[in-house]
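The values are calculated or read from the model by the stated rules, or taken from the named source; none is laboratory data. This is a predicted model, so every value here is computed, not measured. Counting neighbours? That spans all protein chains shown, and the Cβs are built from the backbone with ideal geometry, glycine included. Calculation scope for accessible area: heavy atoms of the full protein, side chains included, ligands and nucleic acids excluded. Shrake-Rupley method; radii C 1.70, N 1.55, O 1.52, S 1.80 Å.
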Amino acid sequence: MATLGLSKVFILDKYFTELQKFWETEKKLQDACGTSEAAQLEQRLRSLGCELVTLRSRLPPALHHSRPTTPPTPITNTTTSANSSYHNTNNNNAATSSSNNTNSASGTTTINTTSSTTATNNNKNAQTHNGAPLLPPNFPVGNGTPASANSESRITPNSSALADGLNSSQSFLADGSCVKGGMTGGVQEVEDLIHLAGPLTEDAVLKTLHARFCSSHYFTNVGPILLSVNPYHEVGNALTLTSTRAAVQSPHLLRVVHEAVRQQSETGYPQAIILSGASGSGKTYTSMLLLRQLFDVAGGGPETDAFKHLAAAFTVLRSLGSAKTRSNSESSRIGHFIEVQVTDGALYRTKIHCYFLDQTRVVRPLPDEKNYHIFYQMLAGLTQEERAKLHLEGHSVRTLRYLSEGDVRQDEAEDARRCALRFESWKACLGVLGIPFLDVVRVLAAVLLLGNVTFIEGQGLEVDIQGGSHELKSVAALLGVSSAALYRGLTTRTHNVRGQLVKSMCDANMSNMTRDALAKALYCRTVATIVRRANSLKRLGSTSGTLSSDSNESVHHQAEVASQHASTVGTAGSKASKSMSVLNNAVKHATDGFIGILDMFGFEDPKPSHLEHLCINLCAETMQHFYNTHIFKSSIESCREEGITCEVEVDYVDNVPCIDLISSLRTGLLSMLDVEGSVRGTPESYIQKVKVQHKGNMRLFEPKANHIRSFGIHHFASRVIYDASDFLDTNRDIISDDLVCVFHKQSCNFGFATHLFGSELKALFSQDPVPRGVSFRISPTSHTDLQNGDEPVSTLTQDFHTRLDNLLRTLVHAKPHFIRCLRSNCSEKAAMFDRATVIKQIRALQVLETVNLMAGGYPHRMRFKTFNIRYRLLVPFKKLRRIEDKTVDDCKLILEYFLRSLEDINKSSTVAIQWALGKRHIFLSEGARQQLEMLRIEMRHRAATLLQSVWRGWHFRRRWPTLKRNLELRARSRTVRPRPQPIAGTPPPDVMDRCDQKTIQQTCSLFGLDLERPPPVPPSRSYTISGNHKMGYPQTRVMKRNFPEEGGSDTVLLKGESVVVVGASPRRGHLLVDHQGHSFHVPFQYMELKPSAQPGVNI
């Protein structure tokens, strides 16, 4: 296996880009109408040919084609001879190079079952001859037959075969992208990239992903790691559990879920499915599919109460936490860690943990982006009566300042209809969670109207309100406080000066900042309250939760406290090890038995980028570092510690310097920001100190515009320029006690608003006087954090960094399963594969390095005892010693039998099967692990078949006498069936005891019965009952199957079609359906209630 350096990769990508331009120009030349246009295109072809020759000369020699001794022949429709000679050369090389190498001294065994990758197969680039580039390998020519790299085939400027191949395989766009088409070839059949033939290059990986994308295969494995390419088929999808109901279940995701459940049930160790990728790569959609499949495997399916409550929670949170950005119309601005408690393979409890960062979007969305979806849905879905109650009459997106500052362009008819439907669903799901709908929309309406309250400088000391105080009175009425008290809370500030309380009036700028702080506090605290409510639903086992119910508290707060306690137990000798043991036991107890699905922020590059985006990209950097540590670093260091030599050297890019630049304890950008905020510095002074401190850091660069308030960081994905103008104000993240005390129950009659500031009010009114010049966090703070003092315990960046560290502590103690998500294009076009966009993500996520390690390295290691327990069934029982001291000998015996079984494996496999014995572990390649698992499954299947056949034979032989006797009796009874004899001693019936006709008539007249006609059917009810609700007619229902099933009628009700039920049918068990002017009597089993027509249950 071979890989390319980073600079060579860029040259190779440039080479193929120019080659693609050559092909496009040649096709234009074929369609040229005039001679002048043809002359220009020929000149363009010559210049591109020269550029290709120059780029080819800069490529490493290993990638060049061997110089042919005879002139290359043009491509014809017959390529059999060239291809056959190519395959013959490969076979000869394979016969020469493939052998079994066993190094007994080092304990390393390698089985080379791969085909030769020498100079003949190393040719991955197109050779040029007289300005005409050769075809790249595996490019379909003519009838789709791949042109081999060694066939010495070239194209001429007027080659029609290449044009046919282009038309038959793919449709290229002017920007180098490719629309999904009928690409042919065998690369789409490669479900695991480690099975790619030939050298491992970015081009080979890209071609495979492209071919699978064109054949509608969007998931590809790299060993145990899964790659997912977002096809953008459902751009308007709400990305909830309900919206993914009709999605096709992927077997690749099901395999990940089964593996996580299996490992958790077998080992009891917590599992974590980690999704990572850029913003818009489909992480949230994939997480919903995973959660749905997890319920199908271990949770009883979507009909359980736990699933319905979780689906309702996600429907509510998606509207509150999603917004349209430049790169993603359904961008998740809230990170989720979904904890699913599993015991003995059965799910019994779920919990959601949210990471809310983008608070500034509530009051100031970026120019080309939108605010959170819930505001637009609320304006589209509220009735006129509800608008009047919420003081929103006459308001629209363009009249509300918090919305008009963002993108107001929209298809009003389509967007309004979609937003109204989502709002109805959101309203119903609030009822499922037990949250009063009117309380939540009152707060949201108050947030919108707060933006229209603008303070300006007045005549005296007090500030005035632009346009009058009508908006302020509406906000005060919605929040249940007086307008005068709200005005004082927004415009006055209490200061503690040497023990004396001094009140001062704020200027217009400070008052507007306080208004924005109140809007952000109301919104993020509402979200936190909904999350707490969703997590506090009473379920089985809810008293033994592992995580705090407060959505703002650090993840695994119990583990954090245990960590602080353990660090004080001792610091030297046995005491230190004892403290670590206490910590590990505490963390293991806190995280035991769960399967987590992590959907955190994806990397993004908005313009301009603010402090929240810096924290989001820090989270993406941290997840990338966790991946690098678990996949690359741990594998390399383990081999080095145990003296294992690996032939494949993985040159991965470590992003620790970037993480240190941002989050280092003293000199990091976030720490310096906290220090600058404490001394009340300015953005200019902060930028100047950053440049002085990190003058020689290669990760920090100065933008070309040389703006005094901006700086740039070279992240793992791309370079991002940040605007630090609002860094200090955003990081301060405070709200004064003058404003908090307005919502005390004595002055506020809106209990939900008082509840939002419950912890702060409890701490504030625990002592006098009130207010006393203290500040609180905008985001909700637990009461325990406020017991240390009135001041906020941390800034925004400190709190986020603490929660991120606690999340990493949880992930470190779990077995990770990685899913790497990729965007297929940047414009969210369905079924469009953009080469430049995908190749950039492949480099950022280091997919090629991962494939190289999985194909030729030792990515897996197992302790001898664990290996022995799992694979000892491959060896006859009597040959194993089964003594703890002889575990290593048993492992060698297992490997010996495994080596014998490899003789029957297909020699055309392209994966190296190798292993090595270390000091404490057995190191396995991915190919060896896969083969071991296949043999284990096959052995267990044969054993199960043998057990079943033996038991069934024994059981049948045991039952055979009885069965034979019954068969004989049955055969006799078929010939003559004797008349049953009366029971001995029973007298015959008396004729006089029979009822005469007169008695029967008297009985019928007494009870009102008529023997000629059956009793009348009781009248049908004028309603149906669903849950605890009465539902009258008409009703909207959905057909569960076709009616009539035989289809003999002209009008047929099809499965999935919506019909209107106008009432009960006179036929028993039927309903009267009116459809397209016809009436049908349809059995009620053929229909189900439409979710939208079922109040309170539309989840």
* Of all strands (runs of 3 or more DSSP E) completely enclosed by segment 711-782, which ones contain at least 2 residues that are within 30 Å of ASP654 (Cα to Cα) and modelled with pLDDT under 95? -> 719-723
* Asked: Which one is surrounded by the fewest Cβ atoms within 10 Å (Cβ to Cβ), of the residues in segment 244-270 that are within 21 Å of GLY1056 (Cα to Cα) and touching a Leu at 6+ places or on another chain (Cβ under 8 Å)?
  -> GLN249
* Residue tally, condition surrounded by fewer than 16 Cβ atoms within 10 Å (Cβ to Cβ) and part of a loop (DSSP other than H, G, I, E, B), over segment 400-423 -> 4
* Please name all residue pairs, on different chains or six or more residues apart, with Cβ atoms under 8 Å, provided the first residue is in segment 938-957 and is under 25 Å from ARG870 (Cα atoms) and the second residue is at pLDDT below 95. => MET939/LEU873; MET939/LEU874; ARG940/LEU873; ALA943/LEU873
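Which residue is nearest to CYS619 (Cα to Cα), if the candidates are limited to segment 662-711 and must be small (Gly, Ala, Ser) and buried (at least 17 other Cβ atoms within 10 Å of the Cβ)? Walk me through it before giving the result.
Filtering segment 662-711 for residues small (Gly, Ala, Ser) gives 663-664, 668, 671, 677-678, 681, 685, 696, 705, 710.
Narrowing the set further to residues that are buried (at least 17 other Cβ atoms within 10 Å of the Cβ) leaves 663, 668, 671, 677, 710.
Numbers: SER663: 11, GLY668: 15, SER671: 16, GLY677: 22, SER710: 21 Å.
Selected residue: SER663.
If you go through segment 601-635 one residue at a time, how many are among the small types (Gly, Ala, Ser) and assigned to a helix (DSSP H, G or I)? I'd like the intermediate steps shown before the answer.
Initial filter on segment 601-635 (among the small types (Gly, Ala, Ser)): 602, 609, 620, 634-635.
Now restrict to residues that are assigned to a helix (DSSP H, G or I): 620, 634-635.
Number of matching residues: 3.
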* Structure fact -> Being surrounded by fewer than 18 Cβ atoms within 10 Å (Cβ to Cβ) and at pLDDT 90 or above narrows THR383, THR360 down to just THR383
* Asked: Residues PRO1044, PRO1083, PRO1066: which one is over 29 Å from LEU433 (Cα atoms), modelled with pLDDT under 85 and open to solvent by less than 30 Å² (accessible area, probe 1.4 Å)?
  -> PRO1044
* Residues (aromatic (Phe, Trp, Tyr) and more than 13 Å from the chain's Cα centre (by Cα)) located in segment 274-318 -> PHE295, PHE307, PHE314
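Considering only residues that are of a type in the set (A, V, I, L, M, F, W, C) and open to solvent by 10 Å² or more (accessible area, probe 1.4 Å), look in segment 819-838 and name the one that is farthest from HIS233 (Cα to Cα). Outline the logic, then answer.
Taking segment 819-838 as the starting set, the residues that turn out to be of a type in the set (A, V, I, L, M, F, W, C) are 819, 821-822, 826, 830-833, 836, 838.
Subsequent filtering for residues that are open to solvent by 10 Å² or more (accessible area, probe 1.4 Å) retains 826, 830-832, 836.
Working: CYS826: 14, ALA830: 5, ALA831: 7, MET832: 10, ALA836: 20 Å.
Among those that are of a type in the set (A, V, I, L, M, F, W, C) and open to solvent by 10 Å² or more (accessible area, probe 1.4 Å), it is ALA836.
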* **segment 677-694 residues that are free of Cβ contacts under 8 Å to residues at least 12 places away in the same chain, paired with ones that are open to solvent by less than 30 Å² (accessible area, probe 1.4 Å) (beta carbon under 7 Å, 6 or more apart)** => SER685/GLU676
* Asked: What tally of residues in segment 352-399 results from selecting those that are assigned to a loop (DSSP other than H, G, I, E, B), of a type in the set (Ser, Thr, Tyr) and touching a Ser or Thr at 6+ places or on another chain (Cβ under 7 Å)?
  -> 0
* Top-ranked residue of segment 190-243 - restricted to ones that are of a type in the set (Asp, Glu) and closer than 27 Å to TYR858 by Cα, ranked as most open to solvent (accessible area, probe 1.4 Å) -> GLU191
* Given (1) open to solvent by less than 20 Å² (accessible area, probe 1.4 Å); (2) under 30 Å from VAL481 (Cβ atoms), index of the condition ASP726 fails -> (1)
* Could you list, in sequence order, all residues of segment 1069-1080 that are modelled with pLDDT under 85 and either loosely packed, with under 14 Cβ neighbours inside 10 Å or in a loop (DSSP other than H, G, I, E, B) (or both)? => GLY1069, GLN1076, GLY1077, HIS1078
* Structure fact -> Across segment 194-231, the tally of residues that are within 23 Å of ARG255 (Cβ to Cβ), small (Gly, Ala, Ser) and assigned to a helix (DSSP H, G or I) stands at 1
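Quick one: which residue in GLU676, GLU684 is under 27 Å from ASP805 (Cα atoms) and part of a helix (DSSP H, G or I)?
On the way: GLU684 fails: under 27 Å from ASP805 (Cα atoms).
Being under 27 Å from ASP805 (Cα atoms) and part of a helix (DSSP H, G or I) holds for just one of GLU676, GLU684, which is GLU676.
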* How about segment 846-888: which of its residues are surrounded by 14 or more Cβ atoms within 10 Å (Cβ to Cβ) and of a type in the set (Asp, Glu)? -> GLU849
* **Those residues of segment 318-357 which are open to solvent by 10 Å² or more (accessible area, probe 1.4 Å) and among the aliphatic types (A, V, I, L, M), in sequence order** => ALA346, LEU347
